[in-house]
1. Taking all pairs of distinct Cα atoms, average 1/r, flip it, and tell me the Kirkwood hydrodynamic radius of the range 74-182 in Å to one decimal place.
2. Between Thr156 and Asp113, what length in nm is gained on full extension when 0.36 nm per residue of separation is reduced by their alpha carbon distance?
3. Out of residues 5 or more away from Ala79 or on other chains, whose amide H comes under 5 Å of its own, with H placed 1.01 Å from N in the peptide plane?
4. If I compute solvent accessible area with a 1.4 Å probe over the protein chains, what percent of it on the range 56-144 is carbon and sulfur?
5. If amide hydrogens are placed 1.01 Å from N in the peptide plane, which non-local residues have theirs closer than 5 Å to the one on Gly135?
6. Kindly report, to the nearest 10 Å², the accessible surface of Met119 as traced by a 1.4 Å probe over protein heavy atoms only.
7. Under the rule of at least 5 residues apart or a separate chain, name every residue whose amide H is placed under 5 Å from the amide H of Asp151.
Amino acid sequence: MTATRSAGRRTRAGAAALVALAAVATGGTIALTGCSSSAGSPGSADTSAAAAGARSASPAELAVTGGYIPQPLLTDMAAAYFTVTNTGGTAAQLTSVTSALAAHATLHRTAGDTMQQVMSLPVPAGGKLTLSTGGNHVMLEDLTHKPAVGDKVTLTLHFAHATPATVTVTVPVRPTTYHPGG
């Protein structure tokens, strides 16, 4: 391969990376899959009037609550749900999740009946990001084992624009039909 041809490939790869970064930076998403999902109200990033008001430049202050994993029906895939609250004055981005339970974890949002894999999910300043059935969620793929009801699973959430940049939580495995608050 010639040096010119190699440089051209590097330039195209660099341009593709910049497009992906621009999409993330502007809150855009990159659709990687279009699988159906369960019906229900989608998870949301709360941007209420109070959250949209004037803010100081305080850093993002994140807390994770309400986490759980419904007992998976399949042996190789599960979903994880939780709420991230940001009481700081700077928005953050959930960029990935890792767990010893799964070889891969991907972030998804649901729009209508379409599930889309995304590069990140926003956690607005003074607001929250809710991951719930039928909405935003984490897919845990290539499970090391099928967890049972009552097991505890450790998830490490990775954030951009937040200190600390990672938050580790332990969430219970609930019955497949579990719905919070109900």
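1. Details: mean 1/r = 0.0689 Å⁻¹.
Taking every pair of different Cα atoms in the range 74-182, averaging 1/r and inverting gives 14.5 Å.
2. Using 0.36 nm per residue and subtracting the Cα-Cα distance, I get 12.7 nm.
3. Amide H neighbours of Ala79: Leu140.
4. Carbon plus sulfur share of accessible area: 55 percent.
5. Distant-sequence amide H within range of Gly135: Gly43.
6. Roughly 100 Å² of Met119 is accessible to a 1.4 Å probe.
7. Val173
The values are calculated or read from the model by the stated rules, or taken from the named source; none is laboratory data. For clarity, every value in this text was computed on a predicted model and none was experimentally measured. Side chains are part of the model used for accessible areas, which takes the heavy atoms of the whole protein and leaves out ligands, DNA and RNA. Shrake-Rupley method; radii C 1.70, N 1.55, O 1.52, S 1.80 Å.
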